[in-house]
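Trainee: Sharing a structure below in structure tokens format, with a few things to ask.
Quick note: the coordinates plus some simple rules give every number you see, no bench work behind them. Values in this document were obtained by computation on a predicted structure and should not be read as measured data.
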Amino acid sequence: MRLLSPFPNAEKLTTTSPPGQDVTGSPGQYIQCFTVQPAEDAKGRFKDRSIPEQITNFYKANHIQKFSYSRPFKKGPKDPDNEFANMWIERTTFVTAYPLPGILRWFAVTSTTTH
């Protein structure tokens with residue numbers, strides 16, 4: 001796997017759940033990789049102004065510092081009649097130190113919130 005090649009001693013985490021204390025407190029290397037979506041609201045940036053659609057489309061994927069990820073999980077007892085009755089969505093938002101794309105290919109995550 002190309003992502004693991006710079007980190008030959010790293011172990012890939014196979015779930016999108018937040019790592020437990022056994023992982024975060026261990027001296028080993030772990031990599032967790034999943035797709036995030038830009039969470040910046042281009043319309044909010046240009047509120048009450050008439051801006052061409054090409055410009056708002058540009059800012060939907062450029063100069064972004066906030067990204068989100070949604071993960072389904074089950075809450076409560078299993079209902080055999082309705083599998084979606086106890087299905088919930090956990091949305092996690094990540095904020096980077098600087099906007100992407102930037103001079104580097106990545107920036108550190110400065111804050112994480114989960115709803």
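Trainee: Of Pro101, Pro38, Pro77, which is the most mobile in a GNM of the chain whose springs link Cα atoms less than 10 angstrom apart?
Mentor: Greatest mean-square fluctuation among the candidates belongs to Pro77.
Trainee: For the chain, evaluate the Debye formula with one uniform point scatterer on each Cα (no solvent term) and list log10 I(q)/I(0) at q = 0.18, 0.21 Å⁻¹, rounded to two decimals.
Mentor: These q points yield log10 I(q)/I(0) values of -1.09, -1.24.
Trainee: Follow-up. List the aspartates and glutamates whose alpha-carbon lies under 20 Å from that of Lys74, not counting same-chain residues fewer than 8 positions away?
Mentor: Candidates past the 8-residue exclusion: Glu83, Glu90.
Trainee: Mind telling me which of Lys78, Lys12, Lys66 comes out most flexible in a GNM of the chain, alpha-carbon contacts under 10 Å?
Mentor: Top of the fluctuation ranking is Lys78.
Trainee: Calculate the all-directions average of the projected area of region 55-100's alpha-carbon convex hull, and give it in nm². Please report the intermediate quantities before stating the final value.
Mentor: Details: hull surface 18.6 nm².
Result: 4.6 nm².
Trainee: Find how much the distance from Trp88 to Arg71 grows on full extension, using 0.36 nm per residue of separation minus their present alpha carbon separation; answer in nm with one decimal.
Mentor: Length difference between fully extended and current span is 5.3 nm.
Trainee: Provide the gained length on full extension for the span Ile31 to Leu4, in nm with one decimal, where the gain is 0.36 nm per separating residue minus the Cα-Cα distance. Don't jump to the answer; show the numbers that get you there.
Mentor: Details: separation 27, 0.36 × 27 = 9.72 nm, distance 0.78 nm.
Result: 8.9 nm gained on full extension.
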